[in-house]
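Okay, structure first, notes after.
The values are calculated or read from the model by the stated rules, or taken from the named source; none is laboratory data. Keep in mind that what you see is a predicted model, and the values were worked out from it rather than measured. FYI the Cβ positions are ideal-geometry reconstructions off the backbone, even for glycines, and counts take in every protein chain you see.
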């Protein structure tokens, strides 16, 4: 007897496939489609026959070109647990663009194909794509707290190790430190190592150059590899301070001085960044500290982020290659590494004093 009531359930499913030709080399496409079935969701395991058939049918609709042979790599039901308006857990479908957003927030942009309007291709391996799906299911906005199968350990040069240790020691009795270090010293990696070794739970990076967000994010992945209790956040990477606080994890948050200066909390015109200004931060890193922090607005931003004399021990690290206009603010709490010192070190070490990654 025919089913008079039709198929009982409708689900969204996510699929990943590749096309093995030169124009799609090293690219994966992440899409979604709808499936109607009388199967319960518990019976729809990843890559099962029903899901694969539905995905292949959808893929065939836009790859029905002679000589093109798409290879299906993964399928699964697109569902995650969220909180409803009463704060209770509820199941909700998600879409392919949620997965795309996680990848883009993680510094993996979409690839535009020549003579194609498709916008769902990414230069990414299958394992990373699967982690992006998993991140969506966990209501995460980037991959900063996901582990990678490839890990490169960081071997710090002697001068870098000295800067890190001197800063940690200084913070035992004081709250402020300046690194007067030339370009390519590795200030980003070293500053994040201070975060890791000190166990700071709430760290904010402030810079006058918002374009370096991606560099901080990349180095965060190197220092905090495999540490799922640390998350990187910024407006570009999908997290606000409020969202990071909800995660109840330690985090490093990147903010631009320009954005902070526009907040009404410091005399700007816009109602924004309230959580950043109200939070008691454990550690504040100001990158290129000689830029944008000596103006009236810049000073107001720093003053409202640091909140001196409020009883909370916030540590402060200024980074600069040319800090001549702020040296007087740090007395003896300065670590210096200049061009002359670098040349002497190279000569002493036989030109072997460069940072070198070592795979483990």
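State all residues of the stretch 281-306 that are in a loop (DSSP other than H, G, I, E, B) and either within 25 Å of residue 166 (Cβ to Cβ) or at pLDDT 90 or above (or both); if no residue qualifies, say none. Across the stretch 281-306, the qualifying residues are 281, 282, 288, 289, 290, 291, 293, 294.
Just a yes or no: is a residue in the stretch 61-80 in a helix (DSSP H, G or I) and farther than 30 Å from residue 219 by Cβ? First the steps, then the outcome.
Of all residues in the stretch 61-80, those in a helix (DSSP H, G or I) come to 61-62.
Okay, now just the ones that are also farther than 30 Å from residue 219 by Cβ, so 61-62.
Checking the stretch 61-80: at least one residue is in a helix (DSSP H, G or I) and farther than 30 Å from residue 219 by Cβ.
Checking the conditions here, which among 58, 119, 101 is modelled with pLDDT under 85 and closer than 17 Å to residue 16 by Cβ? Going through 58, 119, 101 in turn, just one is modelled with pLDDT under 85 and closer than 17 Å to residue 16 by Cβ: 119.
Within the stretch 61-98, if we keep just the residues that are at pLDDT 90 or above and out of contact with any strand residue (DSSP E or B) (no Cβ under 7 Å at 6 or more places or on another chain), the residue that is farthest from residue 135 (Cα to Cα) turns out to be 97. Tell me, which residue of the stretch 195-241 that is part of a strand (DSSP E or B) and over 10 Å from the mean Cα position of the chain (by Cα) is surrounded by the fewest Cβ atoms within 10 Å (Cβ to Cβ)? This residue is 202.
Condition check: in contact with a helix residue (DSSP H, G or I) (Cβ under 7 Å, 6 or more places away or on another chain), surrounded by fewer than 22 Cβ atoms within 10 Å (Cβ to Cβ) and either under 25 Å from residue 298 (Cα atoms) or not assigned by TED's automatic domain parsing to the domain that holds residue 299 (or both). Does residue 182 satisfy that? Yes; evaluated as a whole, the condition is true for this residue.
Residue-wise test of (1) surrounded by 10 or more Cβ atoms within 10 Å (Cβ to Cβ); (2) in contact with a helix residue (DSSP H, G or I) (Cβ under 8 Å, 6 or more places away or on another chain); (3) modelled with pLDDT of 75 or more; (4) outside the structural domain of residue 285 (by TED's automatic domain parsing).
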residue: 320; (1), (2), (3), (4): yes, no, yes, no
residue: 328; (1), (2), (3), (4): no, no, yes, no
residue: 333; (1), (2), (3), (4): yes, yes, yes, no
residue: 338; (1), (2), (3), (4): yes, no, yes, no
residue: 344; (1), (2), (3), (4): yes, no, yes, no
residue: 349; (1), (2), (3), (4): yes, no, no, no
residue: 355; (1), (2), (3), (4): yes, yes, no, no
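Considering only residues that are part of a helix (DSSP H, G or I) and either in contact with a helix residue (DSSP H, G or I) (Cβ under 7 Å, 6 or more places away or on another chain) or in contact (Cβ under 8 Å) with a residue 40 or more places away in the chain (or both), look in the stretch 271-280 and name the one that is nearest to residue 189 (Cα to Cα). Among those residues, the one meeting the criterion is 276.
Mind checking which residues of the stretch 242-260 are crowded, with 21+ Cβ neighbours inside 10 Å and without any contact (Cβ under 8 Å) to a residue 40 or more places away in the chain? Break it down stepwise before answering.
Taking the stretch 242-260 first, the residues crowded, with 21+ Cβ neighbours inside 10 Å are 244, 251-257, 260.
Within the stretch 242-260, 244 is the sole residue that qualifies.
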